Amino acid sequence: MNFAAVLFYAFSAIAIVAALGTVLARNIVYAALSLVGTMVMIAGIFFILHADFLALVQLLIYAGAVGVLLIFGLMLTNTGQPATGPKDRWQRPIAFVAAMAFILVAGYAAVSTDWMQGVVPQLERVPPAVLASSLFRNWALPFEIASLVLLVAMIGAIVISRRETSND
Amino acid sequence: MDLVSTLALLAKGLVVLLIFLAAPLIFVLAERKILGRIQSRRGPNRVGPLGLFQTVADGIKLGTKEDIIPPAADRVVFWVAPLFMVIPAIAAWSVIPFGPMVEIGRETGLWITNLNVGILFVLALGSLNTYGPVMSGWSSNSKYAHFGALRSGAQIISYELTLGLAVLAVVVYAGSFSLIDIVESQRHMWLVAPQFLGFLIFIVSGVAETNRAPFDLPEAETEIVAGYFVEYTGIRFAMFFIAEYANMFLMSMLVTVLYLGGWNGFTIPGLEGVSGVVWTMAKALTLMFGYFWLRATLPRLRYDQLMSFCWKILLPLGVLNLLVASVLRMVWS
């Protein structure tokens, strides 16, 4: 087992533990911090796969901006008390069925996928210039449409938050 | 990787670590001396000759003080938060070039690694810098710390944007994300000349990113005591200091590398071998002096002024600067 493989298993293990922490933690700030941990570990896996640019964008946007905004929102609303047990017990059977359905579908997908076996091919480091030209030449239309969707979401958020303040 | 280059890498890492740990000792003393002079005082002058050992004594004092965790604090987060201040601050140094390629037995660059996305690496670690203040502020369970953390989080996110915009214009000119390539591209002209607006935006955002006066609202002594690290004592308190001064020095090095030509400069007679390092350090230390000068000169901004200045003035200017830089670059090439 080489160094990259050791790192891969370490990052993956921490990412999985942190992801479990996100779901299971009672304290909502712990959950958010675990989520950030998962994102940082995924950035680490991108680094091992020689996708430097992707790794750093993952750090900048998900671990940096998104994670901080999440925790920021929690800090503004947090009462300091961890959430107590679930109130709506009738939701439990429905949640169980939904979770089972998801596990079934995901399990089927995992089993039926033709996983690549054996030695991983030698990966090449893609220079940012190559990435940029493929993004802005070959895939310019989807890229621009994605930015339009984000713009619409942003304007929507502003409209919703403004309406509340103009009422009073 | 053979043994020699592994050893060389280890040696470089050790040197950077030493700089990281020694820099706060030197800079805190320099700041207190310079502030003293500006305010017609002598500054610290009791410990050792000319007061030179003042910060060493302070360091020993902080190291031997009790490490208090407030009873209402969230113990785990309170304990790890200072580490989140220090780790991004030191990791960013791995891509900073101190000098050109030199001959020490073999050809080697005076940097730890030449990442082809180096400047993005620094920005990404800069965005992780928010977690230290936010985690320490939240876990302290104190109103002052809470306010400091909120202010710091909002401020760092906002000014990270304008910082990134200014950097993008530099990348457009240099045609590379690598800090080494960026310095090489300034062999004939420092980027501060074509990118003067970007230079100003970067400096202002850099001061705000490092939470320094006149943008030091997260730790404004006169209103919220010390902000997010108000509950910390001893060595954990020292970690915040180390991170702050290391980040200031990092920002000065970045301005040097991005705008002031890095190691470029004429060969200094008598210092042929190391003139690149001397140039880099001279530029960065001058910028550090600028930091101290700002603190002595300018009053603190009000918080809403700080935010509206970023979003309503710096951000449009940054976009404009990037647009002009891109158009000029397309016309010239």
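Selection of the range B:132-152 for residues being in contact with a Pro (Cβ under 8 Å, 6 or more places away or on another chain) and either in a helix (DSSP H, G or I) or more than 8 Å from every other protein chain (Cβ to nearest Cβ) (or both) yields B:Gly132, B:Pro133, B:Ser136, B:Ser140, B:Ser142, B:Gly148, B:Ala149, B:Arg151, B:Ser152.
Here's the yes/no breakdown for (1) over 14 Å from the mean Cα position of the chain (by Cα); (2) at pLDDT 85 or above:
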| position | (1), (2) |
| --- | --- |
| B:Val192 | yes, no |
| B:Ala213 | no, no |
| B:Tyr228 | yes, no |
| B:Gly234 | yes, no |
| B:Phe249 | no, yes |
| B:Leu254 | no, yes |
| B:Phe266 | yes, no |
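Here A:Pro142 meets the list (1) away from chain B (no Cβ under 14 Å); (2) modelled with pLDDT under 80 almost entirely, failing just condition (2). Which of (1) open to solvent by 10 Å² or more (accessible area, probe 1.4 Å); (2) part of a helix (DSSP H, G or I); (3) under 16 Å from B:Met135 (Cβ atoms) is the odd one out, the single condition B:Ala243 does not satisfy? For B:Ala243, the failing item is (1).
Return yes or no: is A:Leu76 assigned to a helix (DSSP H, G or I), at the interface with chain B (Cβ under 9 Å from one of its Cβ atoms), surrounded by fewer than 10 Cβ atoms within 10 Å (Cβ to Cβ) and modelled with pLDDT under 85? Here the answer is yes, as A:Leu76 does meet what is asked.
Once the range B:68-97 is narrowed to residues that are open to solvent by 40 Å² or more (accessible area, probe 1.4 Å) and under 14 Å from B:Ile242 (Cβ atoms), the residue that is farthest from the other protein chains (Cβ to nearest Cβ) is B:Ile90.
Total residues in the range B:144-154 satisfying the condition of being touching a residue at least 40 places away in the same chain (Cβ under 8 Å) and out of contact with any helix residue (DSSP H, G or I) (no Cβ under 6 Å at 6 or more places or on another chain): the figure is 1. Per the conditions (1) farther than 23 Å from B:Gly234 by Cβ; (2) not in a helix (DSSP H, G or I), the sole criterion not satisfied by B:Ile68 is (1).
Table: residues versus (1) of a type outside the set (Val, Ile, Thr); (2) touching a helix residue (DSSP H, G or I) at 6+ places or on another chain (Cβ under 7 Å); (3) closer than 23 Å to A:Pro127 by Cβ; (4) surrounded by 20 or more Cβ atoms within 10 Å (Cβ to Cβ).
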residue: A:Ala10; (1), (2), (3), (4): yes, no, no, no
residue: A:Ile14; (1), (2), (3), (4): no, yes, no, no
residue: A:Val17; (1), (2), (3), (4): no, no, no, no
residue: A:Leu24; (1), (2), (3), (4): yes, no, no, no
residue: A:Ile28; (1), (2), (3), (4): no, yes, no, no
residue: A:Leu35; (1), (2), (3), (4): yes, yes, no, yes
residue: A:Ile48; (1), (2), (3), (4): no, yes, yes, no
residue: A:Ala51; (1), (2), (3), (4): yes, no, yes, no
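Picking from residues in the range B:112-131 that are more than 8 Å from chain A (Cβ to nearest Cβ) and among the β-branched types (Val, Ile, Thr), the one that is surrounded by the most Cβ atoms within 10 Å (Cβ to Cβ) is B:Val122.
When the range B:277-302 is limited to residues that are open to solvent by 60 Å² or more (accessible area, probe 1.4 Å) and more than 19 Å from the chain's Cα centre (by Cα), the one that is farthest from B:Thr267 (Cα to Cα) turns out to be B:Arg302. Which condition number in (1) assigned to a helix (DSSP H, G or I); (2) out of contact with any Gly (no Cβ under 6 Å at 6 or more places or on another chain) is the one that B:Arg300 fails? Every listed condition holds for B:Arg300 apart from (1). Quick check on B:Gly109: is it open to solvent by less than 70 Å² (accessible area, probe 1.4 Å) and either at positive phi or basic (Lys, Arg) (or both)? Considered against the rule, which asks whether it is open to solvent by less than 70 Å² (accessible area, probe 1.4 Å) and either at positive phi or basic (Lys, Arg) (or both), B:Gly109 comes out as no.
The values are calculated or read from the model by the stated rules, or taken from the named source; none is laboratory data. The model shown is predicted, which means the values in this text are computed figures rather than measured ones. FYI the Cβ positions are ideal-geometry reconstructions off the backbone, even for glycines, and counts take in every protein chain you see. The accessibility values were calculated without ligands, DNA or RNA, using every heavy atom of the protein model including side chains. Shrake-Rupley method; radii C 1.70, N 1.55, O 1.52, S 1.80 Å.
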